[in-house]
Amino acid sequence: MIKLGQFAGQLIAYTLFAVTIGYFSASPAYVRLAPDQAVVKLSFSHAGQSVGDCYERSDEELAKLAPNMRERVVCPRERHAVSVELSLDGKLMYRETLQPSGMSRDSASSAYRRFTVKAGRHFLKVQLGDRSPEEGYTSVLEQYVELVPGQVLVIDFDEGISNFILK
Amino acid sequence: MLTFFQHGIRRLFDLADAGFNRVFGQTCNPLHQLGALSFYFFWLIVVSGLYLYIFFETSATAAYESVEYLTHEQWYLGGVMRSLHRYASDAFVVTMTLHLIREFAFNRYRGARWFSWVTGVPLLWLAFASGIGGYWLVWDKLAQYIAVTTAEWVDWLPIFTKPMARNFLSQAYLSDRFFSLLIFLHIAIPLMLLLAMWIHIQRITLARTNPSRTLAIGTLCALLAVSLVRPALSQGGAANLDIAVSVINLDWFYLLTYPLLEVWSAGGLWLLLGGLTLVLTILPWLPPAKKAPVAVVDPDNCNGCRRCFADCPFEAITMQAHSKRPGFEEAVVNQSLCASCGICAGSCPASTPFRSIEDLVSGIDMPQLKIKELRLKTKVALEQLTDDVRILVYGCDHATDVKAVQNSGVAALSLPCIGMLPPSFLDYVLQEGSASGVFITGCAGGDCYFRRGNTWTDQRIDGQREPVLRARVAREQIRILWTGLLQKKELTKKIEDFRVSLKAVGHD
Ligand code: HEM
């Protein structure tokens, strides 16, 4: 009798174990994006302009250097920070000044931001400045976009045309 | 505060233990073998994973199709292996987490035992990294969710100059190189996990890494049943980074924290997990445990028999050349590893109360309760017994309090661990103390607070382990009850049963 009770108890325990594992391994569902929403991702990796002008060394200066170091034109390595601003339907979504990477601040500034927005038609404006702050934004993209639900719209910076592109 | 938590959780475990003990028996109680079960599930994951790897295509475009082939065309083996791989991984997280909570609740993580605890903490990270990496490889919609979310989370750390999430902006950004790295990681991280598991049990003698056969078969059948009833499937077709993930079925065992990233920032989640890791790591010192007394070897009484060396559950004893007797060995106690259980004193052949020397000194003794004192206390306890049936109870400080069951026919002594009781004491109590019976009790079978005290005691009495109980001792005059904490009712009843049976056979 006890044996039977134990057997039943074990069966219940193993069933509970199996059901718990089976259930929580893929339930309950998680709603990450409502059915009427789309995603906008702003991401780029772009190096700001050099902080100073290039400079030409005189012959005397060159002579003082080791032979393998005698480069006539030297350019400062440091880059400007890159400022970026994104607005949607006139509403500011993101504004940031991105510092250059690298020990000597000589590499690209990078951004990655994901936004969840309502699907439909939107007016998108994205601007970028890669020089001194006084010069303001130097690249601007303004455009109407039609987003279908679930769509991922990527805004990247194209070095070729020096402006943002939508993908 | 901490002890409040500890006691509360301990209560829950005690309740669950009572149920499982009834259904599975103490030796097959899964809650007594959570570490061993974790090891077992790990091996199931390895075996099923190796099979999957044979058919797995290692490029982002072909990976999904190869998993689909296994799941549908070869459902009877490949599909089952895939499901087993997933469900054993889930079971692994369950037993690992319960194991952690249990070691905490039973206070088995402090003092000399800090090492097992602290080396357990990285196992959490490695286990989760292994599981999450596995879901990534399927490259379905869930993998897409994991890829984007993990990358966004990792990007919060100043590691990469270009955000990792740029790899998953859209289909156009995806590279096979990154995918190869993931596959490499899904092999490398579990290997690191295995190494870390090995380190985790380094300070434990004869660590239990295999569950009982019943449990191994039972859990395997349960996992196979889930695999057949609810086969592991890919979700939403192959990953397509151009279409966002909207509704997804998460494996909550592994991905419980992921939705938090939508609510909090990545930094918030790092703070939570980092903080939790830090608290767990320093937990054994919150506050520092009082240094427990450490076993002391007396070279004059140590003949180098190696029994304490074999019985110490925490590898605290080593053997070295004898300081006084050339050609012999001598036990040496590593102060920082000694957990103060006294199992060594129970194993020492010099710990016999029959020795006639005035100053009884064992080869290895516990300062808090020397063998000489144990003999004295035993004598005093026996003198208090006035009934015709006289029972002496030896219990342990970590199981049911034996002092509470004393009366004119029952006297009780509590030891740090029942494994500290040399079997010769049973002989002594019955011969010289003229008791009717000796009742031995302690932690539940397979769940000794000091890991092995009750097992060694059983084996010593059964004559399977030195020092053995002498054959002349009538076994009917000995009764053993392994039970947990707070089992006073059961203890009282079993002692009463014992009294009745002693009277019946005329031991009064
Ligand atoms: C991969 C997951 C893990 C596995 C496979 C595992 C396995 C084991 C095994 C086999 C033992 C020895 C049990 C015995 O024979 O007495 C053990 C002990 C221990 N484990 Fe784990 N463990 C894991 C994770 C953890 C974690 C996350 C913690 C806590 C942070 C932890 C804390 C401990 C402690 C404190 C002990 C020592 C218990 C004692 O001194 O009696 N373990 N573990």
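The values are calculated or read from the model by the stated rules, or taken from the named source; none is laboratory data. All of these numbers come straight from a predicted model, not from anything done at the bench. Cβ: placed from backbone, ideal geometry, glycine included. Neighbour counts: every protein chain shown. When the accessible area is computed, the model is the full protein with side chains, heavy atoms only, and any ligands, DNA or RNA have been set aside. Shrake-Rupley method; radii C 1.70, N 1.55, O 1.52, S 1.80 Å.
Residues checked against (1) assigned to a strand (DSSP E or B); (2) modelled with pLDDT under 95; (3) within 16 Å of the ligand (Cβ to nearest atom):
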site: B:P313; (1), (2), (3): no, no, yes
site: B:T318; (1), (2), (3): yes, no, no
site: B:K324; (1), (2), (3): no, yes, no
site: B:C341; (1), (2), (3): no, no, yes
site: B:A345; (1), (2), (3): no, no, no
site: B:P353; (1), (2), (3): no, yes, no
site: B:E358; (1), (2), (3): no, yes, no
Query raised in the report: Which of the residues spanning the range B:365-388 are in a helix (DSSP H, G or I) and under 13 Å from B:G346 (Cα atoms)?
Result: B:I371, B:K372, B:L374, B:R375
Query raised in the report: Out of the residues in the range B:159-211 that are within 14 Å of chain A (Cβ to nearest Cβ) and among the hydrophobic types (A, V, I, L, M, F, W, C), which is nearest to B:I317 (Cα to Cα)?
Result: B:I159
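For the range B:124-136, indicate whether the set of residues that are assigned by TED's automatic domain parsing to the domain that holds B:I54 and surrounded by fewer than 17 Cβ atoms within 10 Å (Cβ to Cβ) is non-empty. Let's see the steps before the verdict.
The initial filter retains those residues of the range B:124-136 that are assigned by TED's automatic domain parsing to the domain that holds B:I54, namely B:124-136.
Next, only the ones that are surrounded by fewer than 17 Cβ atoms within 10 Å (Cβ to Cβ) stay: B:125.
The answer is yes; a qualifying residue exists.
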Query raised in the report: How many residues, within the range B:10-22, are surrounded by fewer than 19 Cβ atoms within 10 Å (Cβ to Cβ) and within 14 Å of chain A (Cβ to nearest Cβ)?
Result: 4
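Looking at B:Y69, B:Y51, can you tell me which residue is within 15 Å of B:I187 (Cα to Cα) and open to solvent by 20 Å² or more (accessible area, probe 1.4 Å)?
The conditions single out B:Y51.
Give the residue, chosen from B:T97, B:T149, that is within 14 Å of chain A (Cβ to nearest Cβ) and open to solvent by 30 Å² or more (accessible area, probe 1.4 Å). Give the steps one after another, and end with the answer.
Details: B:T149 fails: open to solvent by 30 Å² or more (accessible area, probe 1.4 Å).
Result: B:T97 is the single residue among B:T97, B:T149 that is within 14 Å of chain A (Cβ to nearest Cβ) and open to solvent by 30 Å² or more (accessible area, probe 1.4 Å).
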Query raised in the report: On the given criteria, is A:V145 away from chain B (no Cβ under 13 Å), touching a Lys or Arg at 6+ places or on another chain (Cβ under 8 Å), at pLDDT 95 or above and closer than 21 Å to B:E152 by Cβ?
Result: no
Query - Subset of the range A:22-34 (residues that are surrounded by fewer than 19 Cβ atoms within 10 Å (Cβ to Cβ) and facing chain B (nearest Cβ under 7 Å)) - result: A:F24, A:S27, A:A29, A:Y30, A:V31, A:L33
**Report entry** Residues located in the range B:238-266, provided they are surrounded by 15 or more Cβ atoms within 10 Å (Cβ to Cβ), of a type in the set (A, V, I, L, M, F, W, C) and within 7 Å of chain A (Cβ to nearest Cβ)
**Finding:** B:L241, B:I243, B:A244, B:V245, B:I248, B:L250, B:W252, B:F253
Query raised in the report: For residues in the range B:100-123 being more than 7 Å from the ligand (Cβ to nearest atom) and open to solvent by less than 30 Å² (accessible area, probe 1.4 Å), which is modelled with the lowest pLDDT?
Result: B:A112
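So that you can scan it fast, the table gives a plain yes or no per residue for (1) within 30 Å of the chain's Cα centre (by Cα); (2) within 16 Å of the ligand (Cβ to nearest atom); (3) of a type outside the set (D, E, K, R); (4) surrounded by fewer than 18 Cβ atoms within 10 Å (Cβ to Cβ):
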site: B:T400; (1), (2), (3), (4): yes, no, yes, no
site: B:P422; (1), (2), (3), (4): yes, no, yes, no
site: B:Y428; (1), (2), (3), (4): no, no, yes, no
site: B:G433; (1), (2), (3), (4): no, no, yes, no
site: B:Y449; (1), (2), (3), (4): yes, yes, yes, no
site: B:R472; (1), (2), (3), (4): no, no, no, yes
site: B:R499; (1), (2), (3), (4): no, no, no, no
site: B:D508; (1), (2), (3), (4): no, no, no, yes
